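A short worksheet on the structure shown next.
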Amino acid sequence: SKHSSSSPHALVYVRNHAGIDRDIPTTITNELAYMIRQHYPKMPVKLFTGSETFNETQHLFANAKIVIGPHGAGLANLVFCKIGTPVVEFITSSIFRPWQMFGGLTIDLPWWPVLLSSFDARAEILGAMEVIEAALNSSGFV
């Protein structure tokens, strides 16, 4: 494939819309991506920012071994994931409502919610490595 996004990878969804309280600070996102790279050196980690083209987006999600990121509209792209791709979704109590919950369960994507006190709770977000590891192990992708 011509797309560099075609190799299997971990996909970290980056929300960066100024003024939105569901954004995880870039420094924490980068730290998490670094930790994943250290823990899984053979699995590339790619960042999805939402600025990608439609084709790039489709390839990024279709080839993801796992998708990790905060609750947000960008997760609508999960429709491009292979069945069984685990999703680690960061949520807070303010969005922990039945009508806003992850719909990926309806398309056979295992959901691994991580409830945070806030989206800038660094220790809680980096502590999600245990959940990421469990999600990858249970999926059989690692």
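Could you identify the single residue in PHE61, PHE90 that is open to solvent by less than 30 Å² (accessible area, probe 1.4 Å), more than 17 Å from PRO8 (Cα to Cα), modelled with pLDDT under 95 and within 12 Å of the chain's Cα centre (by Cα)? Working first, answer last.
Working: PHE61 fails: more than 17 Å from PRO8 (Cα to Cα).
Matching residue, one of PHE61, PHE90: PHE90.
Scanning the stretch 64-83 for residues that are out of contact with any Phe, Trp or Tyr (no Cβ under 8 Å at 6 or more places or on another chain), open to solvent by 20 Å² or more (accessible area, probe 1.4 Å) and under 19 Å from SER138 (Cα atoms) yields LYS82, ILE83.
For the stretch 60-76, the tally of residues that are closer than 18 Å to ILE95 by Cβ, outside any loop (DSSP other than H, G, I, E, B) and touching a residue at least 40 places away in the same chain (Cβ under 8 Å) stands at 6.
Beta carbons closer than 7 Å, at least 6 apart along the sequence or on distinct chains, pair a first residue in the stretch 46-59 that is in contact (Cβ under 8 Å) with a residue 40 or more places away in the chain with a second that is surrounded by fewer than 16 Cβ atoms within 10 Å (Cβ to Cβ) and part of a helix (DSSP H, G or I) for HIS59/SER6.
Annotation for the stretch 94-104: at least one member residue is surrounded by fewer than 21 Cβ atoms within 10 Å (Cβ to Cβ), at pLDDT below 85 and closer than 19 Å to ALA10 by Cβ.
Within the stretch 1-56, being at pLDDT below 90, open to solvent by 60 Å² or more (accessible area, probe 1.4 Å) and in a helix (DSSP H, G or I) holds for SER4, THR26.
The values are calculated or read from the model by the stated rules, or taken from the named source; none is laboratory data. Small disclaimer: the values here were computed from a predicted structure and weren't measured. Positions of Cβ are backbone-derived with ideal geometry, glycine not excepted, and every protein chain shown enters the neighbour counts. The protein model used for the area step is the full one, side chains on, heavy atoms only, and it has no ligands, DNA or RNA in it. Shrake-Rupley method; radii C 1.70, N 1.55, O 1.52, S 1.80 Å.
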